[in-house]
1. Scan SER32, SER15, SER5, SER20 and give me the residue that is open to solvent by 60 Å² or more (accessible area, probe 1.4 Å), farther than 30 Å from GLY107 by Cβ, modelled with pLDDT under 85 and among the small types (Gly, Ala, Ser).
2. What number of residues in the stretch 124-145 are within 19 Å of ILE108 (Cβ to Cβ), surrounded by 10 or more Cβ atoms within 10 Å (Cβ to Cβ) and among the charged types (D, E, K, R)?
3. Could you please let me know if PHE194 is among the aromatic types (Phe, Trp, Tyr) and surrounded by 17 or more Cβ atoms within 10 Å (Cβ to Cβ)?
4. Given the structure, is ASP296 free of Cβ contacts under 8 Å to residues at least 40 places away in the same chain, out of contact with any strand residue (DSSP E or B) (no Cβ under 7 Å at 6 or more places or on another chain), closer than 18 Å to ASP314 by Cα and not small (Gly, Ala, Ser)?
5. Can you name the residue in the stretch 406-439 that is open to solvent by 90 Å² or more (accessible area, probe 1.4 Å) and hydrophobic (A, V, I, L, M, F, W, C) and, of all such residues, is nearest to ASN211 (Cα to Cα)?
6. Being closer than 17 Å to VAL360 by Cβ, open to solvent by 20 Å² or more (accessible area, probe 1.4 Å), aromatic (Phe, Trp, Tyr) and not in a loop (DSSP other than H, G, I, E, B) narrows it down to one residue among TYR239, TYR235; which is it?
7. Looking at TRP42, TRP99, which is the one that is in contact with a Phe, Trp or Tyr (Cβ under 7 Å, 6 or more places away or on another chain), touching a residue at least 60 places away in the same chain (Cβ under 8 Å) and open to solvent by 30 Å² or more (accessible area, probe 1.4 Å)?
8. Would you mind listing the strands (runs of 3 or more DSSP E) fully within the stretch 246-327 where at least 1 residues are closer than 19 Å to GLU371 by Cα and open to solvent by 40 Å² or more (accessible area, probe 1.4 Å)?
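The values are calculated or read from the model by the stated rules, or taken from the named source; none is laboratory data. As the structure is a prediction and not an experimental result, all values here were calculated from the model. A quick note on method: Cβ atoms are made from the backbone with ideal geometry, for glycine too, and the neighbour counts reach across all protein chains shown. All accessible areas refer to the heavy atoms of the entire protein, side chains included, with ligands and DNA or RNA removed. Shrake-Rupley method; radii C 1.70, N 1.55, O 1.52, S 1.80 Å.
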Amino acid sequence: MHKTSTTGQGTKPNSEKDASVNMIKDGPYVPSEVESKWTKFWFEEGLFDTKISPDRPKYSIALPPPNITGNLHMGHALNGTLQDVLIRLKRMQGYDVLWQPGTDHAGISTQMVVERQLRAMHDEENQKKPKEERKPFNRHEIGREKFIEQVWKWRNQYGNQIMKQYERLGVSFAWDRVAFTMDESYVKAIYKAFVTYYKEGLIYRGHRVTNWCPRCLTSLSDLEVEHKELKGHLYHIRYPLAEGQGHLVVATTRPESMFGDVAVAVNPKDERYKAFMEKTVKLPLTDRTIPVIVDDYVDRSFGTGALKITPAHDPNDWEVGQRHELESPVVIDERGKLLDCDLVPAAFRGEDRFKARKDVVAQLEEEGFIEKIEDYTHGVGHCERCQTVIEPYLSEQWYLSMKELAEPAITAVEEERIKFVPERYAATYHDWMKNIRDW
């Protein structure tokens, strides 16, 4: 440790007077001056560069790579500090240490930043052209290769901001090994891992309902979806019995998806619907009939207790559909428009989902299928990057089978080779790992 005391190297002031003299001479502690000085010294001396000795024990930590489009926040600082403490401790204990740093290309957010930049350049060029020659910006016309070139250009110009912030924090990264998730070596490692898992039967292609952004045209993980409380409506729609008199009333917030309905589900314990179970109902505005099924998933207290099942456009409906071996027709496309197909009435084909909602409700009211419409506030998923409302969408994706991969991780905790502090978090870990889904 660097000392500035006037009482001698390695000693402490032995009185309040000594301490006050020391303060007057050296002045108050100014972090920016001290930290920048020592960070510069550590860098120049290469003190944290990777050094490998076959005779020493090894210790390593991989930094969870932050997104290049962002800035560090307090969470990054806390996480980095804790890792730095462990790395420095092991270094002083004689270990060969590796604290692997890097940044994440953050596909969607980087794409949006670069896209905005390109759009601005395009608009500037457009203004120089006659009106009849002006065209709206479309990244697809640029092509994949040129777009990736722009991403690299942006990254080289702006994407190192986070590493500069870590540098100011004085963390003891292996600075000679800073990586980026689009580096050639990194990409090769990903390809190798993918092929290895595929050959082992752990990676497969399958259909599942995902969070889909109609604007970014990509699926999103649950972590990339922001849920916002929005004021909307709960539409109570009559589904007439296919034979005889009477109807079921189904409550939904998304009537535009009804053309993908394949069943109406009720709870087997719901006495209100005993007479309807195993019968069929007419799907309003169409000439189709669909079955009334029973499933414990249905919440008797929500809406009317009768639930429209649209497997291709709701993840929970998808699970119900799988249990009952129902079809999963897609009626809303990847851009959020109703499909031009036989399942969708001609009047609504090609309409944006929100316009279709209004038009479908108007048609239902006109034909006497609306029981009532209630004001309803509920959480609606939005794309984290562009704030577009998420569309649950059945699509083919690659999945990694997690059960086999999770077993060694579970065993390591059960055998206490890995311990949680506080211990109660082990229960949370086990619950997560034992119920983990393919990813």
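1. The match here is SER32.
2. Summing the residues that are within 19 Å of ILE108 (Cβ to Cβ), surrounded by 10 or more Cβ atoms within 10 Å (Cβ to Cβ) and among the charged types (D, E, K, R) in the stretch 124-145 gives 1.
3. no
4. Criteria met by ASP296.
5. TRP439
6. None of the other options fit; the residue is TYR235.
7. That would be TRP42, the only listed residue that is in contact with a Phe, Trp or Tyr (Cβ under 7 Å, 6 or more places away or on another chain), touching a residue at least 60 places away in the same chain (Cβ under 8 Å) and open to solvent by 30 Å² or more (accessible area, probe 1.4 Å).
8. Passing ranges, in order: 247-252, 280-282.
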